[in-house]
Amino acid sequence: MLIKKLTDINGLPSYEDDVRAAIKEEIKDFVDNMYTDRMGNLIAVKNEKADGMHIGLSAHMDEVGMVVTTIEKSGMIRFDTWGVLPKVMLSKTVKIGKNQVIGVIGSKPVHLQKPEERLTVLDLDRIYIDIGATSKEDAEKYVEIGDYIAFDSEYREMGRHKIKAKALDDRLGCAAIIEMFKSDIPHKLTAVFCVQEEVGLRGSAVAANQIFVDLMINLEGTVCADSEDIEEHLRVTTQGAGPALSIRDTTSIYIKKYYQQMIDVAKENNIPLQFRRSGAGGTDSLNYHTAHGGTPVIGLAVPCRYIHTPVSMCDKRDYEALLALVKAFILKYGQEGTK
């Protein structure tokens, strides 16, 4: 399955090479033009000479994780984080660098911790990664400062409709764009697979100034807060209710005309759709809607539980509804435009 293929690959910020290679292999027979820019973004065009509306599709390739900063005399690895908090790390297994060196995130044994330590989240300076090395020299045979650290968390299907995997944010968006390029859509599409979204929307800041589209659809994995201990009005999205449509977030306010058109298409085709009910967080949409004097953007996302942790969970029905909705929207407006 495409989602499994993409989520099982490690692709930390500035280390998206393997993800990019896999995407290129998937879409190479369905594009007229494809290139990688100096930042590392992969940009591809389908139906380059088609008339009608030029629609862009964007998703980011990178995932949350860590980076090696120090190797101690003991051989233990110290690290910094990219988009993930220490409180979700302890006792997790990781893979370090291109050689996929296995390590375990550890700390002082709980039996030796002071009472107050047991009740608090340990800071980064009190946790480390153990790769089984006997010394700094031994560890340096396998790990270098600057190596990425990815969570060792493979794709699994569970329950009736669920998927658990790392990097659903945003390999779900990448997979959706691949599916659009493989489909029989006759209109001009430009895909942007961005780098370094998780560390400040950096890839899209470069890509947005290279491409000219009439409308950009940014596809994401987003927060799902639908457990019983969260009050109804605080639930950002609900799994099984379809993809989530943004009206605003920390970095963007979306234009009603365009997201209303997405709502109308969902109703016309009986495709489930929900609103993302929180303005927290930001996406690559920021850089598109402020480029070239302003590019209209629509933000759609698949709800993911436990996002920005070693493992997330999504509902396959939401992803399938996202595919159906994006395709229906492009087929309608790719010809007639959104006027």
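If only residues of the range 170-207 that are over 22 Å from Thr309 (Cβ atoms) and β-branched (Val, Ile, Thr) are counted, the one that is farthest from the chain's Cα centre (by Cα) is Ile185. Taking the numbered list (1) touching a Pro at 6+ places or on another chain (Cβ under 9 Å); (2) part of a strand (DSSP E or B) in turn, Gly106 passes all entries but (1). Just one of the listed residues (Tyr258, Tyr254) is closer than 19 Å to Phe212 by Cα and free of Cβ contacts under 8 Å to residues at least 60 places away in the same chain, and it is Tyr254. Looking at the structure I just gave you, is Ile43 part of a helix (DSSP H, G or I), at pLDDT 95 or above and under 27 Å from Pro296 (Cβ atoms)? No: the conditions fail for Ile43.
Does Gly242 meet the test of being surrounded by 24 or more Cβ atoms within 10 Å (Cβ to Cβ) and either more than 29 Å from Thr81 (Cα to Cα) or hydrophobic (A, V, I, L, M, F, W, C) (or both)? Give the derivation first.
On the way: surrounded by 24 or more Cβ atoms within 10 Å (Cβ to Cβ): yes; either more than 29 Å from Thr81 (Cα to Cα) or hydrophobic (A, V, I, L, M, F, W, C) (or both): yes.
So Gly242 fits the description; yes.
Of all residues in the range 306-328, those satisfying the criterion of being open to solvent by 10 Å² or more (accessible area, probe 1.4 Å), at pLDDT 95 or above and not aliphatic (A, V, I, L, M) are Lys316, Arg317, Tyr319, Glu320, Lys327.
Pull up the range 126-184, narrow it to residues that are of a type in the set (D, E, K, R) and assigned to a strand (DSSP E or B), then point me to the one that is most open to solvent (accessible area, probe 1.4 Å). Result: Arg156.
Is it the case, given these coordinates, that Glu72 is among the acidic types (Asp, Glu), open to solvent by 10 Å² or more (accessible area, probe 1.4 Å) and farther than 30 Å from Asp138 by Cα?
no
Taking the condition in contact with a strand residue (DSSP E or B) (Cβ under 8 Å, 6 or more places away or on another chain), open to solvent by less than 60 Å² (accessible area, probe 1.4 Å) and either over 30 Å from Thr120 (Cα atoms) or among the hydroxyl-bearing types (Ser, Thr, Tyr) (or both), does Val64 pass? It is false that Val64 is in contact with a strand residue (DSSP E or B) (Cβ under 8 Å, 6 or more places away or on another chain), open to solvent by less than 60 Å² (accessible area, probe 1.4 Å) and either over 30 Å from Thr120 (Cα atoms) or among the hydroxyl-bearing types (Ser, Thr, Tyr) (or both).
Here is a check on your reading of the model: is Glu72 touching a residue at least 24 places away in the same chain (Cβ under 8 Å), of a type in the set (D, E, K, R) and within 24 Å of Leu323 (Cα to Cα)? Show your work before the answer.
On the way: touching a residue at least 24 places away in the same chain (Cβ under 8 Å): yes; of a type in the set (D, E, K, R): yes; within 24 Å of Leu323 (Cα to Cα): no.
So Glu72 fails the test.
When the range 1-13 is filtered for residues that are open to solvent by less than 30 Å² (accessible area, probe 1.4 Å) and outside any loop (DSSP other than H, G, I, E, B), the ones remaining, listed by number, are Leu2, Ile3, Leu6, Thr7. Only one of the numbered conditions (1) farther than 30 Å from Ile105 by Cβ; (2) touching a helix residue (DSSP H, G or I) at 6+ places or on another chain (Cβ under 9 Å); (3) acidic (Asp, Glu) is not met by Glu320, and that is (2). In the range 187-211, of all residues being open to solvent by 20 Å² or more (accessible area, probe 1.4 Å) and assigned to a helix (DSSP H, G or I), the one that is farthest from Asn47 (Cα to Cα) corresponds to Val199. Of all residues in the range 279-293, those that are part of a loop (DSSP other than H, G, I, E, B) and open to solvent by less than 50 Å² (accessible area, probe 1.4 Å) total 6.
So for the range 302-310 (the condition being over 30 Å from Leu90 (Cα atoms) and either assigned to a helix (DSSP H, G or I) or touching a Leu at 6+ places or on another chain (Cβ under 8 Å) (or both)), does at least one residue qualify? Don't jump to the end; show me each part of the working.
Let us first name the residues in the range 302-310 that are over 30 Å from Leu90 (Cα atoms), namely none.
No, that holds for no residue.
Being closer than 30 Å to Ala133 by Cα, open to solvent by 60 Å² or more (accessible area, probe 1.4 Å) and assigned to a loop (DSSP other than H, G, I, E, B), is that true of even one residue in the range 14-36? Scanning the range 14-36 turns up at least one residue that is closer than 30 Å to Ala133 by Cα, open to solvent by 60 Å² or more (accessible area, probe 1.4 Å) and assigned to a loop (DSSP other than H, G, I, E, B). Somewhere in the range 259-278, is a residue open to solvent by 20 Å² or more (accessible area, probe 1.4 Å), closer than 24 Å to Glu320 by Cα and small (Gly, Ala, Ser)? Scanning the range 259-278, I find at least one residue that is open to solvent by 20 Å² or more (accessible area, probe 1.4 Å), closer than 24 Å to Glu320 by Cα and small (Gly, Ala, Ser), so the answer is yes.
Based on what the data block shows, is Ile178 farther than 24 Å from Ala291 by Cα, touching a residue at least 12 places away in the same chain (Cβ under 8 Å) and touching a strand residue (DSSP E or B) at 6+ places or on another chain (Cβ under 8 Å)? Break it down into steps so the answer makes sense when it comes.
Values: farther than 24 Å from Ala291 by Cα: yes; touching a residue at least 12 places away in the same chain (Cβ under 8 Å): yes; touching a strand residue (DSSP E or B) at 6+ places or on another chain (Cβ under 8 Å): no.
So Ile178 does not fit the description; no.
The values are calculated or read from the model by the stated rules, or taken from the named source; none is laboratory data. Being a predicted model, the structure only gives us computed values, none of them experimental. Methodologically, a virtual Cβ is constructed for each residue, glycine included, from the backbone with ideal geometry; neighbour enumeration extends over all protein chains shown. Just so you know, the surface numbers come from the protein's heavy atoms only, side chains and all, with ligands and any DNA or RNA stripped out. Shrake-Rupley method; radii C 1.70, N 1.55, O 1.52, S 1.80 Å.
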